[in-house]
1. Within the bounds of the range 61-75, is there any residue that is in contact with a helix residue (DSSP H, G or I) (Cβ under 6 Å, 6 or more places away or on another chain) and part of a loop (DSSP other than H, G, I, E, B)?
2. Any residue in the range 139-164 that's closer than 11 Å to Ala69 by Cα: show its pairings with residues that are of a type in the set (Gly, Ala, Ser) and surrounded by 19 or more Cβ atoms within 10 Å (Cβ to Cβ) at Cβ separation under 6 Å, as long as the two are six or more apart or on different chains.
3. Pick from Ile99, Ile56, Ile115: which is under 14 Å from Val181 (Cβ atoms), among the β-branched types (Val, Ile, Thr) and either surrounded by 18 or more Cβ atoms within 10 Å (Cβ to Cβ) or in contact with a helix residue (DSSP H, G or I) (Cβ under 8 Å, 6 or more places away or on another chain) (or both)?
4. When you look at Ser162, is it over 21 Å from the mean Cα position of the chain (by Cα), of a type in the set (Gly, Ala, Ser), under 28 Å from Ala45 (Cα atoms) and part of a helix (DSSP H, G or I), yes or no?
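The values are calculated or read from the model by the stated rules, or taken from the named source; none is laboratory data. None of the values given here were measured: they were computed from a predicted structure. No Cβ is skipped: glycine too gets one built from the backbone with ideal geometry, and neighbour counts run over all protein chains shown.
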Amino acid sequence: MAQLPDFNNPITPPVQVLIQTDISDALKQALEFGIDSAVAQASVANGFLNDGRLRIPFPPQAEKVEQKARQLGLDAQADEFIETMNTAASEASKKATPIFVNAIKRMSIQDAQGILRSDNHRAATEYLERLTRDQLYAAFKPDVEAAIESVGVTAVWNPIVSKYNALPMTEDVNPDLNDYVTQKTLDGLFLLVAEEEKKIRENPEERVTDLLKKVFGSNG
């Protein structure tokens with residue numbers, strides 16, 4: 001006679017742990033794909049400059065500097081300043097991947113479950129940003145500073161702002177370019193990661209591994 005299964009045998013917990021682990025691993029995998037894609041798009045030559053979503057303009061507090069510079073016939077210098085800021089952002093983006101990847105390894109199973117069930121299609125990206133933005137900023141800013149120096153942002157900026165500050169009846173403008181470009185670089189990267197997350201959540205064709213198909217497919 002065939003032996004009936006022993007329903008008292010505690011097999012459920014291991015299966016449940018496996019499912020939870022799948023969820024956690026799938027979320028991490030989705031973020032890793034998003035990060036790889038984001039960094040590839042952002043770090044390519046003119047990745048920021050030629051993408052309207054990412055393009056870094058004059059700092060908001062310096063918009064009047066740009067307006068005055070163009071009125072004074074300094075269009076070439078203003079355009080060069082914008083180009084050099086965006087080049088610095090693309091250069092700095094090349095070093096982002098290991099920082100992001102090390103951060104997502106800390107995602108807990110409980111966090112992953114909440115993110116998967118969320119109706120917010122940016123939930124994983126926003127979790128990652130909340131967890132790591134300050135740490136990423138501290139780690140990222142020196143690279144931005146080096147990139148800014150190497151592409152000559154300050155060499156272009158200083159003559160423009162000096163001319164503006166020398167004008168009568170104007171308030172001196174001196175934004176922290178390193179902070180501004182660092183923040184905008186991170187904004188751009190997180191935007192791209194969020195777009196990749198949304199694709200994986202909404203489009204089955206974007207789930208390129210069995211794990212992504214299993215976890216995201218079962219969620220909706």
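1. no
2. Ile160/Ala69
3. Numbers: Ile99 fails: under 14 Å from Val181 (Cβ atoms); Ile115 fails: under 14 Å from Val181 (Cβ atoms).
Matching residue, one of Ile99, Ile56, Ile115: Ile56.
4. On the way: over 21 Å from the mean Cα position of the chain (by Cα): yes; of a type in the set (Gly, Ala, Ser): yes; under 28 Å from Ala45 (Cα atoms): no; part of a helix (DSSP H, G or I): yes.
No: the conditions fail for Ser162.
Each row is one residue, and each column tells you yes or no for (1) in contact with a Leu (Cβ under 8 Å, 6 or more places away or on another chain); (2) farther than 22 Å from Ser43 by Cα; (3) at pLDDT 85 or above; (4) not polar (S, T, N, Q).
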site: Glu145; (1), (2), (3), (4): no, no, yes, yes
site: Val151; (1), (2), (3), (4): no, no, no, yes
site: Trp157; (1), (2), (3), (4): yes, yes, no, yes
site: Asp172; (1), (2), (3), (4): no, yes, no, yes
site: Leu189; (1), (2), (3), (4): no, no, yes, yes
